[in-house]
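Readers should treat all values here as calculations from the given coordinates under stated rules, not as data from a laboratory. Note that the coordinates shown come from a computational prediction; the quantities given were computed from them, not determined experimentally. Because the Cβ atoms are built from the backbone with ideal geometry, glycine has one as well, and the counts that use them run over all protein chains shown.
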Amino acid sequence: MAAKAKLDMKHGFMKSIVRNQVARDEYDKEVKAKIGDKKQTTSKSKRPEIQPYVPPPKSKSDQQTNQKEQLFRVEFEDKDGQMYSFIFYEDDSPSAVARQFGMDRGLPSPLISALADRLLDEMNNCT
């Protein structure tokens with residue numbers, strides 16, 4: 001039997017082919033690893049995040065209420081130790097606020113008028 005002719009693997013041309021195949025395999029592994037890392041870190045869609053719509057206030061009175069300037073906070077403790085407080089705004093009337101607060105809490109009229117005087121004094125001190 002005659003021996004088959006084989007390729008000489010020691011030849012320089014064959015060595016360069018093998019080297020190119022190994023380099024291509026390593027490069028493919030690196031690219032696939034980078035793509036896999038990107039998929040793990042960015043699981044969200046590529047669309048930008050949508051900001052929720054916040055409608056404007058419905059009426060002008062809501063806007064005006066938010067624009068009032070606070071002058072001071074009034075705190076009141078009744079005989080039973082219950083604390084009450086409210087905020088006094090710059091456009092509030094001291095007598096109207098005192099009357100409303102006094103009626104809600106059941107205060108006698110001399111205390112309501114004293115509260116109105118005190119609120120007027122505090123309002124003058126703040127402005």
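Quick notes
- Amide H contacts of PHE72 (H built 1.01 Å from N, in plane; Pro and chain starts excluded): PHE88 sit under 5 Å, all sequence-distant by 5 or more or on other chains.
- Temperature 25 °C, viscosity 0.890 mPa s: under these conditions the Stokes-Einstein estimate for region 77-126, based on its Kirkwood radius over C-alpha pairs, is 216 µm² per second.
- Ranked by how many other Cβ atoms sit within 10 Å of their own Cβ, fewest first, the residues TYR27, TYR89 fall in the order TYR27, TYR89.
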